[in-house]
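K.L.:
Sharing a structure, written as C-alpha cells. Questions coming.
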Amino acid sequence: MSTLDAAGREYDERPWGSYTVLEDATAEGFKVKRLTVEPGARLSYQRHRQRAEHWFVVAGVATVTIDDVSSEVPTGSAIDVPLGAAHRIENRGDVPMIFVEVQQGAYLGEDDIERLADDYGRID
C-alpha cells in the first residue's frame, strides 16, 4: 500500500525498489513517476491494456525487455513501451538505477498490470 513522502507525494516500496508519483494528471491522461530499481532487481514481465509508457534513465544502466527483445538503455537515454507490449526493466548493475516513467492512456491505475512472470510470486 502506498504512503505519502515528505513532500506529500504518493510513494511505495516494492520488492525491486520504490516509486514516487511526481505528477498525477489522470484527468488529462498521463502520470509521471520516479522509480528506483535496486542492484540485481527487476520488475515483473508485464503488460498494460490501457496505457503506454515512456522510460528515461537518469542514473545507472537499464536492461529493458520489450516483447522478448532485450536492450541496454544507458543514463540519458529513453525507450518507449507501446500499449499492450510485454515489458520489463532490470538493473544488472551494482548501484541503484533510476528512471522516470511517463504513463499515457485512458486508465492509469496500478490494477492495469497483467504479470506474465515475476521474481516475487505476484503472478495474476
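Each reported figure results from applying straightforward, stated rules to the coordinates on display, with no laboratory input. Since the structure is predicted, the reported quantities are computational estimates derived from the model, not experimental observations. Because the Cβ atoms are built from the backbone with ideal geometry, glycine has one as well, and the counts that use them run over all protein chains shown.
K.L.:
Would you tally the net charge around Asp24, using a Cβ to Cβ cut-off of less than 14 Å, leaving Asp24 out, and scoring K and R as +1, D and E as -1?
P.N.:
-2
K.L.:
While we're looking at this one, here's another question. Given the options Ala59, Ala106, Ala27, which has the most mean-square fluctuation in a GNM of the chain, springs set between C-alpha atoms less than 10 angstrom apart?
P.N.:
Ala27
K.L.:
Ok, one more. With the Cα gyration tensor of region 33-105 giving a ≥ b ≥ c as the square roots of its eigenvalues, does the rule (a/c under 1.5 for rounded; else a/b larger than b/c for prolate; else oblate) give rounded, prolate or oblate?
P.N.:
prolate
K.L.:
Among [x] 14, 52, 32, 2; [y] 14, 46, 37, 3; [z] 15, 49, 32, 5, only one was calculated for this model; which label is it, if the read-out is P(r) over Cα pairs in 10 Å bins from 0, in percent?
P.N.:
Checked against the structure: label [y].
K.L.:
List, in order, the whole-Hz ³J(HN,Hα) value for each residue of region 42-54 obtained from phi through the Karplus relation with A = 6.51, B = -1.76, C = 1.60 and θ = phi - 60°; use x for Gly and Pro.
P.N.:
For region 42-54, the Karplus curve yields 8, 7, 5, 7, 8, 8, 10, 8, 10, 8, 9, 9, 10 Hz.
K.L.:
Out of Leu22, Tyr45, Ala6, whose Cα points farthest toward the positive end of the dipole of region 1-50 (charges: +1 Lys, Arg; -1 Asp, Glu; placed on Cβ)?
P.N.:
Tyr45
K.L.:
Which chymotrypsin sites (Phe, Trp or Tyr not before Pro) in region 71-124 sit in a loop by DSSP (not H, G, I, E or B) and have at most 14 other Cβ atoms within 10 Å of their own Cβ?
P.N.:
Those that pass, being in a loop and sparsely packed, are Tyr107, Tyr120.
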